[in-house]
Amino acid sequence: MSVKTRAYAAVTGLLLGFTLGAAPAAAQQASLVSDSLFILRAGSIGLLQAKLAKLAERKGTSEAVVEFGKRMTADYSKANEEIAAAAKQAAYPAPVLLREHKQIAERFNGMGRSSFDKAYMEEVVKHHNEAVQLFRQESEGGRVVSLKQLASRMLPDVQQRLALAAETGSSVGVDGTSTSTGGQGSGGK
């Protein structure tokens, strides 16, 4: 083999080594990004649900919606504390309300009582569908053990809240056919 061929083979070997070595690193980075996305989205959804639940207690016209709001206020008070503690333990920043969720909260804050119940329940079902999907993905594929354990532990509660939201929503005219899929359907807009 000539020197030129050996040099080419050495460079090719180095490049392949870097490329193959980068693949597991990229996969690990992607998993950490999904952990980060989980804490970001789940935290923001939880904060949104707490805000909307307090509005439901005040603006709800249906007794079922008002009671649902009270239950969600209590549930999300605890859930948001758990998510914030898990974020801190995993060295992530504390959850904040994302811009899209701030806009939703502002929209509902300005909404009249007459149109509140159905719109609120549609929004709740939609976000609980997303939450079920987020918690399921994290519990199955999360890389940060504490976040994966949190997601596994909280998933049944999130699924139960989705079922309760769908049931309460149906009492105020929300179509429940696409809401009980545990995160598989669109559940709204």
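Rule-based calculations on the coordinates, nothing more; no lab input. Small disclaimer: the values here were computed from a predicted structure and weren't measured. In this analysis, Cβ positions are derived from the backbone assuming ideal geometry, glycine residues included, and neighbour counts consider all displayed protein chains.
For the pair K118/S77, report the inter-label distance in nm, with labels modelled 7 Å from Cα in the Cβ direction. My value for the distance between the label points is 3.2 nm. In plain terms, the chain from E67 to M111 could stretch by 13.9 nm, reckoned as 0.36 nm per residue minus the Cα-Cα distance. The stretch between A91 and V145 holds 18.2 nm of extra length on full extension. This uses 0.36 nm per residue minus the Cα-Cα distance. List the pairs from K126/K148; K70/K148; K51/K78; K51/K118; K78/K126 whose alpha-carbon separation is above 25 Å, in the order I gave them. As for pairs spanning more than 25 Å Cα to Cα, those are K70/K148.
Note that the range 31-171, at 10 °C in a medium of 1.306 mPa s, gets a Stokes-Einstein diffusion coefficient of 105 µm²/s from its Kirkwood radius over C-alpha pairs.
In terms of other Cβ atoms within 10 Å, Y76, Y120, Y92 run from fewest to most in the order Y92, Y76, Y120. Ordered by the count of other Cβ atoms within 10 Å of each Cβ, fewest first, K118, K59 give K118, K59. Candidate cross-link partners of K88 among the aspartates and glutamates, defined by an alpha-carbon separation under 18 Å and a same-chain spacing of 8 or more, comprise D35, E138.
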